[in-house]
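Heads up: the structure comes next, in structure tokens.
Nothing in this text is a laboratory measurement; each read-out follows from the coordinates by a stated rule. Since the model is a prediction, treat every value here as computed from it, not as a measurement. As a convention, Cβ positions derive from the backbone with ideal geometry for all residues, glycine included, and neighbour counts pool all protein chains shown.
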Amino acid sequence: MSPDEQRQRLNRFEAAHRESGLAVTLQRRAVFEAILARVDHPTADQVCEAVRERLPQISRMTVYRILATLVWLGLICRICHLGSAARFDPKIHQHHHLVCLDCGGIIDLEEQRLNQIQLPDVRRHGFEITDYHIHFRGRCAQCREESKIPRPHRLAVGRVRIPRKRTSTPN
């Protein structure tokens, strides 16, 4: 994110707090800045760890509450996919993700064609679609490369030699 974009996002952060009547606290600003500085879609615990470098006394619960507030204000997005902890994304515009099944990494995918898909008619279910994100699952380049490197634990798995039972008795 360029310094100009970061300044604009911080201005939006302050404006959203004023509009909602919330105070701009040092803790809220530190959490927001920690997310803006990242592109890896951190978990709440990763955000907490980063913020503690600046504010060592901040509690995990405070960070969780601030993240929920930032999502409510529309300043960040909460990304959820099955089998994973919620992750947080500073990008609030429509975009999609590549999710690595090995390391859990998430990569932004800016593909305009995906933003123009025709949404299904879900009225018969009494449901209203307000947003969508597409998650493509697979393996990232680093995990694919690492799987080519033989490792002792990988070689041993499934290759345990089990002695066969003898069917005849020796002479």
Charge dipole (region 1-71, unit charges on Cβ, about Cα centre) - positive-most of Thr25, Leu70, Ala37 = Thr25
query = Along the Cα-to-Cβ line of Glu110, 7 Å from the Cα, sits a label point; which residues in region 27-54 have backbone N less than 18 Å from it?
reply = 36-41
ask   = How large, in Å, is region 1-92 by the Kirkwood hydrodynamic radius built from its alpha-carbon pairs?
value = 13.3 Å
remark   = Between Glu128 and Gln94, the FRET efficiency computed from the C-beta separation at R0 = 22 Å comes out, to the nearest 0.05, as 0.80
message = Can you tell me the length gained on complete extension of the stretch Arg78 to Asp102, counting 0.36 nm per residue apart and subtracting the Cα distance?
response = 6.5 nm
